[in-house]
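The values are calculated or read from the model by the stated rules, or taken from the named source; none is laboratory data. These figures come from a predicted structure and were not determined experimentally. No Cβ is skipped: glycine too gets one built from the backbone with ideal geometry, and neighbour counts run over all protein chains shown. Quick note on the areas: whole protein, heavy atoms, side chains included, nothing else; ligands and nucleic acids left out. Shrake-Rupley method; radii C 1.70, N 1.55, O 1.52, S 1.80 Å.
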Amino acid sequence: IASAIVHKDVTRGLVIVDKPDGLPSHGTVDNAVENILCYFQNFLKATTTEDESSTYASLPHRLDTETSGLLIIATNKRFATYASKLFEHGSVTKHYRCLLVCPSVEHWQHLVQLQRSSATVTHFLDNKS
């Protein structure tokens, strides 16, 4: 996990990690240990010689398992509360990029038209695909 740490601010109580795709942000019903938060907590325990309070870690936001990107880990309760409120009130926004595969030139031209019109496109994935 050490190589995934992009930024660390001990004073504020946050760490930013580059989460790879395919790895959950937090524990799931069927697997509570193979996730970024658990790996980070184990990393803290292994690298910290102080009491257990110095190994606090929580997620004020999450990224889906299939999503890679920057993830904020709060390393103290005060920052966790602060960051959660920022996300809750819309003071912080997430931006996503995705890869599209267009089956035809017509599909591509349609997407270009949507982009030029500043339209918002909502697409819900079929969970069976």
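Pairs of lysines 8 or more apart, or on different chains, with alpha carbons under 15 Å: count those in the chain, would you? Walk me through the numbers on the way to the answer.
Details: Lys8/Lys19; Lys19/Lys94; Lys77/Lys85; Lys85/Lys94.
Taking the Cα cut-off of 15 Å, the pair count is 4.
Mean separation of Cα pairs under 8 Å and 6+ residues apart, divided by the residue count of the chain: what relative contact order is that in percent? Could the numbers behind the result be given before it?
Details: 155 pairs, mean separation 28.0, N = 129.
Once normalised by length, the contact order is 22 percent.
The listed residues Lys94, Lys8, once ranked by accessible area (1.4 Å probe) with the largest placed first, stand as Lys8, Lys94.
Nearest 10 degrees is fine. How inclined is helix 105-116 to the longest principal axis of the chain, computing both from alpha carbons? Value to nearest ten degrees: 70.
These residues, Arg116, Arg97, go from largest to smallest accessible area, 1.4 Å probe, as Arg97, Arg116. How far is helix 36-47 tilted, in degrees, relative to the longest principal axis of the Cα atoms in the chain, given as a value from 0 to 90 rounded to the nearest 10? So the helix axis and the longest Cα principal axis differ by about 30 degrees. Taking only the Cα atoms of segment 22-89, the radius of gyration and Dmax are 12.6, 37 Å. Checking [x] 34; [y] 56; [z] 42 against percent of Cα pairs over 20 Å apart calculated from these atoms, the matching label is [y].
Averaged per residue, what accessible area in Å² does the chain show with a 1.4 Å probe, protein chains only? Walk me through the numbers before you get to the answer.
Details: 9980 Å² over 129 residues.
Value for the chain: 77 Å² per residue.
Net charge dipole, segment 1-90: roughly 360 debye, given to the nearest 20, about the Cα centre with Cβ charges of +1 for Lys and Arg and -1 for Asp and Glu.
For the chain, what is the calculated [θ] at 222 nm in deg cm²/dmol (nearest 500), taking -39500 (n - 2.57) for each run of four or more DSSP H residues and dividing by its residue count? Please report the intermediate quantities before stating the final value.
Values: 3 runs with 36 residues, N = 129.
About -8500 deg cm²/dmol.
If I fit a long axis through the Cα atoms of helix 77-88 and take the longest principal axis of the Cα atoms of the chain, what angle between them do I get, 0 to 90°, rounded to 10? The answer is roughly 10 degrees.
Using a 1.4 angstrom probe on the protein heavy atoms only, could you order Tyr82, Tyr39, Tyr56 from most to least accessible area? List each step's numbers first, then the result.
Working: Tyr82 125, Tyr39 95, Tyr56 65 Å².
From most exposed to least exposed: Tyr82, Tyr39, Tyr56.
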